[in-house]
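The values are calculated or read from the model by the stated rules, or taken from the named source; none is laboratory data. Predicted, not measured: the structure shown is a model, and the values here were computed from it. The protein model used for the area step is the full one, side chains on, heavy atoms only, and it has no ligands, DNA or RNA in it. Shrake-Rupley method; radii C 1.70, N 1.55, O 1.52, S 1.80 Å.
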Amino acid sequence: MKSLNDSLRDEFSEILQRDEYRKVIDEKSLDVNVLKKAFDILLKYKSDVDMVDKSRTEFENYLINYFKSQKNDN
């Protein structure tokens, strides 16, 4: 039996495969694995209302740090 998080991950993966999102991902050369990891960070605190802000902050920091490292690698 799938957990709620597993179901949400599957749904997110399906959304990323939609043409409208696939186009943006390809145009901006985004790494789908990074998007999925960032989504996992959001899921980490989803069940704790008091941790919503922490979840958002960690999500943003993860993406910001990833993009900074990509910029420095280039």
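Looking only at residues that are open to solvent by less than 90 Å² (accessible area, probe 1.4 Å) and of a type outside the set (S, T, Y) in the range 1-10, which one is nearest to Y66 (Cα to Cα)?
Only one residue tops the list, namely R9.
What do you reckon, is S13 small (G, A, S), modelled with pLDDT under 95 and open to solvent by less than 70 Å² (accessible area, probe 1.4 Å)?
no
Taking the residues in the range 27-53 that are among the charged types (D, E, K, R) and open to solvent by less than 90 Å² (accessible area, probe 1.4 Å) as candidates, determine which candidate is farthest from Q70 (Cα to Cα). Give the derivation first.
From the range 27-53, those among the charged types (D, E, K, R) are 27-28, 31, 36-37, 40, 44, 46, 48, 50, 53; that's our starting set.
Those still in the list that are open to solvent by less than 90 Å² (accessible area, probe 1.4 Å) too: 31, 36, 40, 46, 48.
Numbers: D31: 11, K36: 17, D40: 20, K46: 28, D48: 32 Å.
Among those residues, the one meeting the criterion is D48.
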